Amino acid sequence: MRIIAEVISVVSIFRAGEAEPEPYMFRYQGEEIKVGCIMDITRTKTISIDAIEYLCSSIIGRVEKQYVLKYTLRDCRWELYKM
C-alpha cells in the first residue's frame, strides 16, 4: 500500500455505548465507495495527535482492494491514509 493521506468525506455510524465511529462509505475522486469489511481497528498517537486507523477492504472497479481510513480525534477529520 502506498501513502495517500488525503482528506475525504465519510458517512459514519456511531453506535450506542461505543465511543469510536464506524466508517460506512466515503467519496474519493468523485466515486462513492461503500466500506465492505473492517478487518482491524488500531488506536495510534503521532506527535501527540490521537487517531484511529481502520484497515478495510472494498470492491473498487471490480477489484477487491485494501486501504486504511484514519480518523483524527482532535479534528474529527477522516482521511484516506493508505491504498
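Meeting the requirement of 3 or more residues that are open to solvent by 70 Å² or more (accessible area, probe 1.4 Å) and without any contact (Cβ under 8 Å) to a residue 24 or more places away in the chain, the strands (runs of 3 or more DSSP E) wholly within the stretch 1-70 are 37-46.
In summary, CYS56 fulfils each of the numbered conditions (1) over 10 Å from the mean Cα position of the chain (by Cα); (2) of a type outside the set (D, E, K, R); (3) at pLDDT 90 or above with the single exception of condition (1). Criterion applied to ILE38, ILE47 was being aliphatic (A, V, I, L, M) and under 20 Å from SER9 (Cβ atoms), and the one residue passing it is ILE38.
Inside the stretch 59-83, can you point out the residues that are among the β-branched types (Val, Ile, Thr) and at pLDDT 90 or above? Don't jump to the end; show me each part of the working.
Residues of the stretch 59-83 that are among the β-branched types (Val, Ile, Thr), as a first pass: 59-60, 63, 68, 72.
Passing the criteria: ILE59, VAL63, VAL68, THR72.
The values are calculated or read from the model by the stated rules, or taken from the named source; none is laboratory data. Owing to the predicted nature of the structure, the values given are computational and were not obtained by experimental measurement. Glycine also receives a Cβ, built like all others from the backbone with ideal geometry; neighbour counts cover every protein chain displayed. Accessible surface is based on the protein model in full, side chains and every heavy atom, while ligands, DNA and RNA are left aside. Shrake-Rupley method; radii C 1.70, N 1.55, O 1.52, S 1.80 Å.
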